[in-house]
Structures are given as structure tokens and as C-alpha cells.
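What follows is a single structure, written as C-alpha cells, with notes after it.
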Amino acid sequence: MVSPADILAAFREVTNVKQIDRSELYALLQDGIMAALAKKYGPTVQAEVEIDDDRGGIKIMLLKTVVETVQDASREILLADAREFDAGFEVGDVLEEPVDFAVFGRAAVQAAKQRIIQRVREGERSKIRDEFSTKLGELLSGEVQQIERGKLVVMLNKFREAEAIIPYRDQNHREHFHQGEPIRAVLKRVEETPKGPRLILSRGDPLFVKALFKLEVPEIQQGIVEIRASAREVGSRTKIAVFSRDESIDPVGACVGLKGSRVQAVVNELGGERIDIVPWSPDSERFAKLALAPARVARVFSDPATKTIQAVVDEDQLSLAIGRNGQNVRLASELTGWKIDLYSSREWLERGAEGGLFAPLPGDEAADVRLSEIEGMAPATVAILEEGGYRTLNDIIDLERDDFLKLAGITLDDADRLMTIIDELTEEGTEAASSAAGEVKAEPSQPAAEEAAPEKTS
């Protein structure tokens, strides 16, 4: 016969394996004993259960109300029967009748066991929901426990009881994992099943790339830098758009890291997948220009009614803008949330000659101006800028002071003078631009970080 001490010892082991508090375990044990009492004496039985952990004992007392006529034998006792225990009993008193643990039969013990197992499972399911319902989008680590019909079953390091899987559609199919290998994935959602909550993980969702950058970039962890948008073709290429809440911190540089160390760590985890990091902009036209990096975009025109952007690029930039099998423009479209139609400069002019298709809106016509034609621009500075690939006003109009200082030969005074010229032109608008260069009109600005903060690849 199993003694109370043996049962307590077994339950202490359960507390360690299931990570259950001792007080919670004893509550479960008391509930299980009450289930056993109900099995033996009836469903309305009343009792007190005391557990003495130090001595390894379990004290059970049945509670029966003294009555003149018994209607419920499981909780009532006749006055005459009660007075056999003590002649002083009166109607309404409560008789405490001790129960020997040994009187429990096999069925009663089994009922207690089932109740306890059920409560433990319910507690585990509740803990899983509480633990992970607020962790969507976070990175989790574990090991591959099983490969089943294309899906990966993962045992998490910090919550081994949780059922976690990576479905086939959420995997990077260029990767191959084996049983027992360590793995990291992002928590995509918590799915309810008849057996309890199931964690759906992913290595193919853009959320996975975001989670990896959050791990590698302290500025993202601190909330200074934010990934505002992302687009991904698993195993091939990802684009992310980043924004900084602190003007003194370059969001692209923060994500790239010293000598590319941060972005390279992410690329390595993704198996060499290319990553383009571009600045985010609330201006849809400017954002489209940035999103099409590494291609340089000459002009963009937007149609908010159809949420369509027409982007014009030079002939030598067209294939770069399109990308292999249309990948670059497709990801740029997904990143911005706008449909992007690409045109070469020649095709754009031909379409315009045929009937003004996609012609710029009135007042948006613009002509670029060479740097040498801008009043106040020193010839030596122009030569340095042209050597760096900046030949026109639109090439530099969105550059920052630090971007100029990166060019060999540009001094602090030169950078300040350039910023003053740009400020004067942009502040006074079309008339100021025309005054500076004859007939120059303002046009949508050229991306600032297309060269200084470009795509980063492995």
C-alpha cells in the first residue's frame, strides 16, 4: 500500500519537472484527494485536507452535519450516530470524522491522479498563453526535436513544455536542419488546438529579419531606431526601411554597424540572403526612390487615387532598378505599399511625345542644373563633387553635412557653404532655383542616402 510519504515524495518530483510552485502543487493534491473522496462517499462530500510536508503526512477529516433526518449521507449524520462518538452532539453541530488514507481504493486513487494530471495540464496551458501572448515578433531559440511531414517540431530552451512548430511554408527552403540541431525563429502567432496552445514559429517571415536586427542593433532595442517597413523573398533578398527618432543617429549606419558587422551577423543567420537597408520617408515619392536602391532614380510621379508611382531611370539604371526577374522593383513595391511602374528615360520621352501619357502634373515640370552653373559654387568644390559622382543640383539636394565630409578634399567650411547653398535653394522654392541657375525649377528631391547608406549584402 502506498503511504502518504511516498505520494508526497512523488509530487515533489513533479514540482521540479513541471516547474510548479510547492503551494500550487499542494492545492492540486488537495483537489485530487477531494476527487477521491467524492468517488468513495458521494459528490457532495465535505472534508478538510491538511498536508504536513515536514513529517510526510496527509490528514483527512470528513465533515458531517448532525441532523435528525438524513437526506444526504455523504455530508450528514444522524444525531444518534453522532452521539456514539460524543454524547454532547446536538443537531446542527459538525462531526469531524478522520479518514485513514489506506481506505482509498484503486478507483479513488486513480480519480485523484486524473484530476491532478488534468489540473497540471490546464496550468501549463495557461502559463503558455500568458508567457507567449505578448511575445509575438520576438526571437525564440531551441533545438529541432523532430521533422514531421515537412514541418519542424522545436523544443524551446526556456519553455520546454510548449508545443512549437515551424510549418513548411514558414521555412527557408535553402536551409536544411537535422534532429538535435540548434535553431532560432520568430514567434509568428499562438494557435489554439484541442490539445492546448501551439506556438507557430517562422524563419521565412519578414518578422524574422526584424527580430534579428533587434538582437544585433542596440538602438532598435532602445526604441531609437525603428524598422518601419520590410519586404522579403525568402532565401534571396530582403529590403527594410529604417527611421531614427534621434536626428543625430543615422538609422542606416546603426543597422549596418562598424565595418558592416551588424548586418553581416544577420546575413549569416539568413544563409547569405541579401539585405538592402534604406531610410524610411513619409513622402511616397521620395520613399519610392530610396526603395529602388541600388538603382538611381531620375524622376518619380505619384497618383494617390490609384496609389501608383511612375519611376523614370536612365537607360544604364533600368536593369538594376528592375532586378533579376523583376525582384528589385517587386520588393520596392511591397516595401512602399505602392504599385511602381518603371520607365527608362527614352521610353518616358516617347510616351510623352505620343500623347503626354503619365505627364507630370502642372507646376511639377523641372529641369536639372549642373553644379558649375550654380551661383556661389567654387570650381574646386565642383571638381571634387563631380569626381564623387555628383554632377547636378538634384544629386546633392538631399545630402547632409556628414555626407559631404566623407568626400576627400571637402573641408568643414566647404561642407557648411554647400549646406547654405542647398538651404537657400530649397527654402525659396522655384523662384530661388531659377534665379540661381537661369531657368531651374524645383523637383522632387534626390535620395540622400542612396550612396552613403546603400544596400548591404553579404
>> Considering only residues that are closer than 20 Å to D250 by Cα and crowded, with 18+ Cβ neighbours inside 10 Å, which ones fall in region 285-318?
In response: R286, F287, A288, K289, L290, A291, L292, A293
>> Where the second residue is of a type in the set (A, V, I, L, M) and at pLDDT below 70 and the first is at positive phi and buried (at least 17 other Cβ atoms within 10 Å of the Cβ) and lies in region 110-129, which pairs have Cβ atoms under 8 Å and are six or more apart or on separate chains?
In response: none
> Any residue in region 64-71 that is in a strand (DSSP E or B), closer than 28 Å to A27 by Cα and of a type in the set (A, V, I, L, M)?
Replying inline: no
>> Among the listed residues A415, A383, identify the single one that is surrounded by 20 or more Cβ atoms within 10 Å (Cβ to Cβ), at pLDDT 80 or above and in a helix (DSSP H, G or I).
In response: A415
> Name the pairs whose Cβ atoms lie under 6 Å apart, with the first residue in region 370-387 and within 21 Å of D402 (Cβ to Cβ), the second surrounded by fewer than 13 Cβ atoms within 10 Å (Cβ to Cβ), and 6 or more positions between them or separate chains?
Replying inline: I384/G409
> Looking only at residues in region 90-142 that are modelled with pLDDT of 75 or more and basic (K, R), which one is farthest from R160 (Cα to Cα)?
Replying inline: K135
>> Please go through region 138-166 and give me each residue that is exposed (fewer than 14 other Cβ atoms within 10 Å of the Cβ) and either of a type in the set (F, W, Y) or on the phi > 0 side of the Ramachandran plot (or both), ordered by number.
In response: R149, G150
>> When you check E347 against the structure, is it open to solvent by 40 Å² or more (accessible area, probe 1.4 Å), at pLDDT below 90 and under 16 Å from P294 (Cα atoms), yes or no?
In response: no
>> When you check L215 against the structure, is it surrounded by 19 or more Cβ atoms within 10 Å (Cβ to Cβ), in contact with a strand residue (DSSP E or B) (Cβ under 9 Å, 6 or more places away or on another chain) and not in a loop (DSSP other than H, G, I, E, B), yes or no?
In response: no
> Would you say L258 is surrounded by 20 or more Cβ atoms within 10 Å (Cβ to Cβ) and at pLDDT below 95?
Replying inline: no
> How many residues, within region 32-48, are surrounded by 16 or more Cβ atoms within 10 Å (Cβ to Cβ) and modelled with pLDDT of 85 or more?
Replying inline: 3
> Is there any pair with a first residue in region 226-246 that is open to solvent by less than 20 Å² (accessible area, probe 1.4 Å) and assigned to a loop (DSSP other than H, G, I, E, B) and a second that is modelled with pLDDT under 95 and basic (K, R) whose Cβ atoms are under 6 Å apart and which are 6 or more apart or on different chains, and what are they?
Replying inline: G235/R174
>> Just the residues that are free of Cβ contacts under 8 Å to residues at least 12 places away in the same chain and either in a strand (DSSP E or B) or within 13 Å of G204 (Cβ to Cβ) (or both), please, taken from region 148-176.
In response: E148
> Restricting attention to region 177-202, which residues are part of a strand (DSSP E or B), basic (K, R) and open to solvent by 70 Å² or more (accessible area, probe 1.4 Å)?
Replying inline: R184, R189
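Regarding K135, is this residue in a strand (DSSP E or B), in contact with a strand residue (DSSP E or B) (Cβ under 6 Å, 6 or more places away or on another chain) and open to solvent by 30 Å² or more (accessible area, probe 1.4 Å)?
Here the answer is no, as K135 does not meet what is asked.
The values are calculated or read from the model by the stated rules, or taken from the named source; none is laboratory data. Given the structure is predicted, the values throughout are model-derived calculations rather than measurements. Note: ideal-geometry Cβ built from the backbone for every residue, glycine included; neighbour counts use all protein chains shown. Note: accessible area is taken over every heavy atom of the protein model, side chains too, but ligands, DNA and RNA are not part of it. Shrake-Rupley method; radii C 1.70, N 1.55, O 1.52, S 1.80 Å.
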